[in-house]
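Taking it in order: structure first as structure tokens, then the write-up.
The values are calculated or read from the model by the stated rules, or taken from the named source; none is laboratory data. Everything numeric here is computed off the predicted structure, so don't read it as measured data. Reconstructed Cβ throughout: ideal geometry from the backbone, glycine too, with neighbour counts over all protein chains shown. Quick note on the areas: whole protein, heavy atoms, side chains included, nothing else; ligands and nucleic acids left out. Shrake-Rupley method; radii C 1.70, N 1.55, O 1.52, S 1.80 Å.
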Amino acid sequence: MAFPTLEEVKAHMNLTGIDDFDTILDMYLQAATADAENMTGRNLSNPLGENYEEPNNSIKVAILTRVATSFDCRQDNDEEGQKEAVNASIFIFRQYSKRPIF
């Protein structure tokens, strides 16, 4: 199971057939993927790298949630909107972390 694709993100967000937001969705997808790896301490995206692991369904859903929430809050410049975008998937990433997070 690989990380979500742009097409899966669009299907998750009911944006299938709408290409207007592809660039920003792809940017959010790349950032969420990097966050998943950084927070879990796992190599989830480089199959040729050392200690590669396939991302599980929970991590995949957390990434989809992070992208959808970031997109939904993209015009909110207030602190609460930013917190919502960050916290949307942090619990799942922490559950699969190889290093302690306090």
Between Asn43 and residues 5 or more places away or on another chain, which pairs have amide H atoms under 5 Å apart, with H built 1.01 Å from N, and which residues are they? Glu53
Please compute, for the alpha-carbon atoms of the chain, the extent along each of the three principal axes and give them in descending order in Å. 37, 31, 18
Aspartates and glutamates whose Cα lies under 19 Å from that of Lys98, excluding same-chain neighbours fewer than 8 positions away: Asp35, Glu37, Glu50, Glu53, Glu54
What ranking, highest mean first, results for peptides 48-54, 89-95 when packing means the other Cβ atoms within 10 Å averaged over each residue? 89-95, 48-54
For Lys10, counting only lysines whose alpha-carbon sits under 27 Å away and dropping same-chain residues fewer than eight positions off, the answer is Lys60, Lys83
What helices does the chain have that are whole DSSP H segments, at least 18 Å long along their own axis by Cα, and with mean Kyte-Doolittle hydropathy of 0.5 or more? 57-72
Per the 1.4 Å probe, what fraction of the accessible area of the chain, in percent, lies on carbon and sulfur atoms? 50
